[in-house]
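Each value in this text was obtained by applying a stated rule to the coordinates, not by laboratory testing. The structure displayed is predicted, hence computed values, not measured ones. Neighbour counts are summed over all protein chains in view; Cβ atoms, including those assigned to glycine, are modelled from backbone coordinates with ideal geometry.
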Amino acid sequence: MSQPVWLITGCTSGFGEAIAKEVLGRGYKVIATARRASRLSSLQAAGATILDLDVSAGDDAVEKAFAASHAVYGRITHLVNCAGYVLNGAVEESSTADIAAQFTTNMIGAASVSRTAIPYLRDAAAKAQGRHPVVLANFGSLAGYSSLPGVAAYCATKAAVSVFSDGMAAELAPFGITVCSIEPGYFRTGLLNTSAESVHRIQASKTLEVYDGTPAHESNKALDMVDNQQLGDVVKGAKVIVDVFTKSGVAEEKDIPLRLVLGSDIVKAIREKMAEAKKLLDDWEVIASSTDHQ
């Protein structure tokens, strides 16, 4: 049986880097990508093939990157799309260009990479004939369940990615491709870092004093304090992800879920959201139902 080949985007740090290291440690093939592959020298030294891939660069660039990736081993069995960043600022502080760029990378980029990967994954699934999983995974987030002031655009992209992946899962199941949205809580990935060299959390075009002391700026301050204090261990998270997508270890004999939640904080957040939804329905069911045709 041919060895699995994992193509992973956004490998400079965080989950992308951790997943690549975990996969390599198990003896599988990895094609690690980033906007600047020159920043992936440590993964290359560990055995990964490294390639440039800017998920927001448009169809032609993404298709060329996939063709080059496929040419390395002649197959791609797993795609894990980790590329993304946080737009920091209230909606009023964010220009249309700021918000468009946030969606272009986090949502449109995920869609572009997913769409381009499908023919390669379909071919791999046909050849695997069920002997091993063929997986397309995107990253959602706790933020997709519980939106925060000050990062509303980011939260919207994560909700969109998860819903997009849900629909795509039904489309690709007939071809033997499993789609999963990875949904972590707060992990120590560097995503919340605001240092000058950070590419993970970008400040909006404006900073308006009128928001000082309001939920938008207070939320941003809270995220600053949380940075590098998060509950989630990214190395442990990466191990679970690889277990799940290979149906081994803690996930042996388990089906790959449509949404893979990671972290006790997101479990709590989802339970709270479910309780809120139940109360909303209980309070408004009669009025909602009154709009039906009789």
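Packing-based ranking of 110-118, 3-11 yields 3-11, 110-118, ordered from highest to lowest mean Cβ neighbour count within 10 Å.
The distance from the alpha carbon centre of the range 209-266 to that of the range 73-103 is 17 Å, rounded to a whole number. The order of the peptides 149-158, 282-291 by mean Cβ neighbours within 10 Å, most packed first, is 149-158, 282-291. For the peptides 243-254, 41-52, the ranking by mean Cβ contacts within 10 Å, running from highest to lowest, is 41-52, 243-254. One way to sum up the overall shape of the chain is the equivalent ellipsoid from its Cα gyration tensor, whose semi-axes run 32, 25, 18 Å, largest first. With Cα atoms defining each centre, the range 1-67 and the range 138-187 are spaced 21 Å apart in the structure. Compared with the dominant Cα axis of the chain, that is its longest principal axis, helix 264-289 is turned about 60°. Every pair of different Cα atoms in the range 44-151 enters the Kirkwood calculation, which places the hydrodynamic radius at 15.8 Å. Taking 0.36 nm per residue of separation and subtracting the Cα-Cα distance, full extension of the segment from E272 to K236 would add 10.5 nm. Relative to the dominant Cα principal axis of the chain, helix 215-226 is inclined by about 40°. Ranking V286, T157, F66 by how far each Cα lies toward the positive end of the dipole of the chain (charges on Cβ) leaves F66 at the top. Across the range 4-59, the volume of the C-alpha convex hull divided among the residues equals 68 Å³ per residue.
Angle of helix 14-25 to the longest C-alpha principal axis of the chain, folded into 0 to 90 degrees and rounded to 10: 20°.
Rounded to the nearest 20 debye, the dipole magnitude of the chain is 1220 debye, with +1 charges on Lys and Arg beta carbons, -1 on Asp and Glu beta carbons, and the Cα centre as origin.
Rounded to the nearest 500, the helix-only mean residue ellipticity at 222 nm of the chain stands at -14500 deg cm²/dmol, with each DSSP H run of n ≥ 4 adding -39,500 (n - 2.57).
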